[in-house]
Amino acid sequence: MVLDHPAAKAMKAKFSNLPLKGVEFHGQVQIAVPRENLTEVIRFLRDEPGLGYDMLCDITCVDYLNYPGWDKPRFGMVYNLISVGVGAPRLILRVFMNEDGLEVDSLVPLYAGAEWMEREVWDMFGVKFIGHPDLRRVLTWEGFKPHALRKDYPVTGLGERENYPVLTRDST
């Protein structure tokens, strides 16, 4: 990993034993981190004085099912980090995983704001966050079995809406 980014250099020095892979695209640096080392790496990025990634501004997931030329695992977690206090350049961390191991450590102990974002990813993609204090659905109801942003979920749904009465302005 050869990137001109302060976090990439610090990560390479600190985690020389990890298979970190980085890429820069349109001025944005993305670094792939092994799932089992995510918490350790993010804690380092947050606590290292020269970096100070004190804001986790977004967590999302990508489903690469049937993506042309993609031979990596199906799902990719995306973590956007910003250093407000130090002013280091924005950083994106990626964690890849297959459907049979769709679990990753919760970042709520490091960033309280991760709670809602992790719930959304759980609801829409089915990624379980180990150690999350309240992993419930946030956009759909608890009885809803599928995860609607997975690419194998039909665009028209699975008939969930047909079972609900239509509410009009007069009936409320």
Check your understanding: Of all strands (runs of 3 or more DSSP E) completely enclosed by the stretch 31-138, which ones contain at least 2 residues that are within 21 Å of residue 15 (Cα to Cα) and under 14 Å from the mean Cα position of the chain (by Cα)?
Key -> 75-82, 91-97, 103-105
**Study point:** Top-ranked residue of the stretch 1-13 - restricted to ones that are of a type outside the set (A, V, I, L, M) and part of a loop (DSSP other than H, G, I, E, B), ranked as surrounded by the fewest Cβ atoms within 10 Å (Cβ to Cβ)
**Key:** 4
**Study point:** Given (1) among the aromatic types (Phe, Trp, Tyr); (2) within 30 Å of residue 49 (Cα to Cα); (3) in contact with a helix residue (DSSP H, G or I) (Cβ under 8 Å, 6 or more places away or on another chain), index of the condition residue 75 fails
**Key:** (2)
Review point. Which of (1) surrounded by 15 or more Cβ atoms within 10 Å (Cβ to Cβ); (2) without any contact (Cβ under 8 Å) to a residue 12 or more places away in the chain; (3) part of a loop (DSSP other than H, G, I, E, B) does residue 16 not meet, given it meets every other one?
Key: (1)
**Study point:** Residue satisfying all of: in the stretch 107-161; farther than 20 Å from residue 62 by Cα, hydrophobic (A, V, I, L, M, F, W, C) and modelled with pLDDT of 90 or more; surrounded by the fewest Cβ atoms within 10 Å (Cβ to Cβ) among these
**Key:** 112
Practice item. Please name all residue pairs, on different chains or six or more residues apart, with Cβ atoms under 8 Å, provided the first residue is in the stretch 84-96 and is farther than 14 Å from residue 4 by Cβ and the second residue is modelled with pLDDT under 90 and of a type in the set (D, E, K, R). Key: 96/72
Practice item. For the stretch 40-74, enumerate the residues that are in contact with a Gly (Cβ under 9 Å, 6 or more places away or on another chain) and either buried (at least 18 other Cβ atoms within 10 Å of the Cβ) or at positive phi (or both). Key: 45, 46, 52, 56, 61, 63
Review point. Any idea which of (1) under 15 Å from residue 29 (Cα atoms); (2) in contact (Cβ under 8 Å) with a residue 60 or more places away in the chain is the one residue 79 doesn't satisfy?
Key: (2)
Review point. Hey, among the residues in the stretch 45-72 that are acidic (Asp, Glu) and touching a helix residue (DSSP H, G or I) at 6+ places or on another chain (Cβ under 7 Å), which one's nearest to residue 124 (Cα to Cα)?
Key: 63
Check your understanding: Which of the residues that make up the stretch 66-83 are of a type in the set (A, V, I, L, M, F, W, C) and at pLDDT 95 or above?
Key -> 75, 77, 78, 81, 82
Exercise for review: For the stretch 62-76, enumerate the residues that are free of Cβ contacts under 8 Å to residues at least 24 places away in the same chain and of a type in the set (A, V, I, L, M).
Suggested key: 62
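The values are calculated or read from the model by the stated rules, or taken from the named source; none is laboratory data. Keep in mind the model is a prediction, meaning the values are calculated, not measured. In this analysis, Cβ positions are derived from the backbone assuming ideal geometry, glycine residues included, and neighbour counts consider all displayed protein chains.
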